[in-house]
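Peer 1: The structure under discussion is supplied below as structure tokens; questions concerning it will follow.
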Amino acid sequence: MKNKDFGKPLCRLITMVAICMLSLNAMAYDFSYTYQGKTLCYDITSSNTVCVTYYSSDNYFQNNNYVSGDVVIPSSVSNNDETYSVTSIGEYAFRDCSSLTSVTIPNSVTSIGWGAFESCSSLTSVTIPNSVTSIGEVAFYDCSSLTSVTIPNSVTSIGDWAFNDCSSLITLNFNAANCGDFTNNYYHPFLDCPISTINIGDSVQRIPAKFARDISSLTSVTIPNSVTSIGEEAFYRCSSLITLNFNAVNCGDFPNEWRDHPFRDCPISTINIGDSVQRIPANFSSRLSSLTSVTIGNSVTSIGENAFYECSSLTSITIPNSVTSIGESAFYECSSLTSVTIGNSVTSIGNNAFQNCSS
């Protein structure tokens with residue numbers, strides 16, 4: 001039987017596969033669509049939905065020549081007589097678009113993927129709608145021109161390093177009502193951002209654990225009326241944080257463990273407790289050794305146990321007439337306290353409330 005030469009057909013097959021692979025590599029999207037003069041690429045994710053994607057997988061998903069200037073992403077797009085809703089910004093969608101200056105995301109989008117805007121060095125403005133529930137890891141990593149960002153009410157998760165190295169980011173507007181906890185310092189969403197102002201919206205019910213941990217440029221913070229709980233180490237080691245404006249009507253108690261305290265190792269010297277506050281939580285400012293001044297609003301009816309425990313620099317306190325009870329060890333070991341004024345409505349003072357106030 002005569003031997004057949006399989007060499008040439010095999011060579012042709014390999015060549016065809018290589019061409020297909022190169023074609024797939026060069027065109028990493030299902031179709032493109034032009035809106036308001038900007039052409040973006042889309043992947044079909046279901047029979048009626050798409051995500052915005054990168055235009056080429058060459059050179060590690062870099063999109064230098066993909067899109068520039070101000071971009072408005074449409075809420076719906078069409079292809080081959082089919083209309084699709086734009087529901088997500090995909091992984092690496094705009095990565096390295098160095099001339100992209102602003103992005104408006106439509107209300108149809110629910111997620112922003114991993115590295116979606118990574119290293120968009122000219123991006124100064126992004127509008128995240130109230131439909132987005134998740135912001136992926138490194139989504140805005142190294143967006144060095146971004147000066148402020150608003151996290152909407154709807155967001156429930158923010159990934160590791162989401163805004164890491166946004167070296168111009170000084171203002172954070174945080175409106176997420178029930179966002180999940182942030183991770184530790186090394187993977188923090190706002191690691192190495194020079195944030196000096198955090199505006200916590202009136203819709204926020206819970207401040208996540210490790211929320212502003214190690215943001216050394218933060219000087220003051222206001223806790224709004226709506227907050228009912230503050231996560232562990234929420235403002236841990238904010239080394240410039242000197243003023244706390246606390247307006248939460250019915251905030252839950254702070255952790256008894258010092259290592260979990262929301263304001264652990266903060267040099268807070270002034271606390272203003274608003275007129276809307278009804279109860280000062282247990283362990284509220286315990287061990288804040290820099291605290292020198294406290295103003296208590298006229299709606300406070302109770303001071304929780306250990307509320308000002310070991311505030312060793314506090315020299316005087318005026319407790320208003322609205323207060324009826326002072327918890328156990330509330331001012332324990334406030335060793336610099338020389339003057340206390342207690343309103344005429346107090347009917348209960350807990351054990352050791354002023355013990356070891358040696359001055």
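Peer 1: Under 6 Å between Cβ atoms, which residue pairs at least 6 apart in sequence (or on different chains) link something in region 219-236 that is closer than 17 Å to Ile268 by Cα with a partner that is buried (at least 22 other Cβ atoms within 10 Å of the Cβ) and among the small types (Gly, Ala, Ser)?
Peer 2: Ile223/Ala248; Phe235/Ala212
Peer 1: Identify all residues within region 238-284 that are in contact with an Asp or Glu (Cβ under 7 Å, 6 or more places away or on another chain) and open to solvent by 40 Å² or more (accessible area, probe 1.4 Å); write none if there are none.
Peer 2: Passing the criteria: only Arg264.
Peer 1: Report yes if some residue within region 276-293 is on the phi > 0 side of the Ramachandran plot and touching a residue at least 40 places away in the same chain (Cβ under 8 Å); otherwise report no.
Peer 2: No, region 276-293 contains no residue that is on the phi > 0 side of the Ramachandran plot and touching a residue at least 40 places away in the same chain (Cβ under 8 Å).
Peer 1: Looking at region 162-174, which of its residues are in a loop (DSSP other than H, G, I, E, B), crowded, with 19+ Cβ neighbours inside 10 Å and in contact with a Ser or Thr (Cβ under 9 Å, 6 or more places away or on another chain)?
Peer 2: Those that are in a loop (DSSP other than H, G, I, E, B), crowded, with 19+ Cβ neighbours inside 10 Å and in contact with a Ser or Thr (Cβ under 9 Å, 6 or more places away or on another chain): Cys166, Leu169.
Peer 1: A further question follows. Do we find a residue being open to solvent by 50 Å² or more (accessible area, probe 1.4 Å) and in a strand (DSSP E or B) anywhere in region 319-338?
Peer 2: So far as region 319-338 goes, no, none of its residues is open to solvent by 50 Å² or more (accessible area, probe 1.4 Å) and in a strand (DSSP E or B).
Peer 1: Mind listing just one residue for me: the one in region 75-108 that is of a type in the set (Phe, Trp, Tyr) and either at pLDDT below 95 or assigned to a loop (DSSP other than H, G, I, E, B) (or both) and, of those, least open to solvent (accessible area, probe 1.4 Å)?
Peer 2: Phe94
Peer 1: Ile135: within 21 Å of Ala212 (Cα to Cα), among the β-branched types (Val, Ile, Thr) and crowded, with 18+ Cβ neighbours inside 10 Å, yes or no?
Peer 2: yes
Peer 1: Restricting to region 297-318, what's the tally of residues that are buried (at least 23 other Cβ atoms within 10 Å of the Cβ) and under 24 Å from Ser239 (Cα atoms)?
Peer 2: Here the count works out to 6.
Peer 1: Now, a different point. Pick out the one residue from Val300, Val294 that is outside any loop (DSSP other than H, G, I, E, B) and within 32 Å of the chain's Cα centre (by Cα).
Peer 2: Checking each option against the conditions leaves just Val294.
The values are calculated or read from the model by the stated rules, or taken from the named source; none is laboratory data. As the structure is a computational prediction, the values presented were derived from the model and not from experiment. Every residue, glycine as well, gets a Cβ built from its backbone with ideal geometry; the counts of neighbours run over all protein chains shown. Protein only, heavy atoms only, side chains kept; ligands, DNA and RNA dropped before computing areas. Shrake-Rupley method; radii C 1.70, N 1.55, O 1.52, S 1.80 Å.
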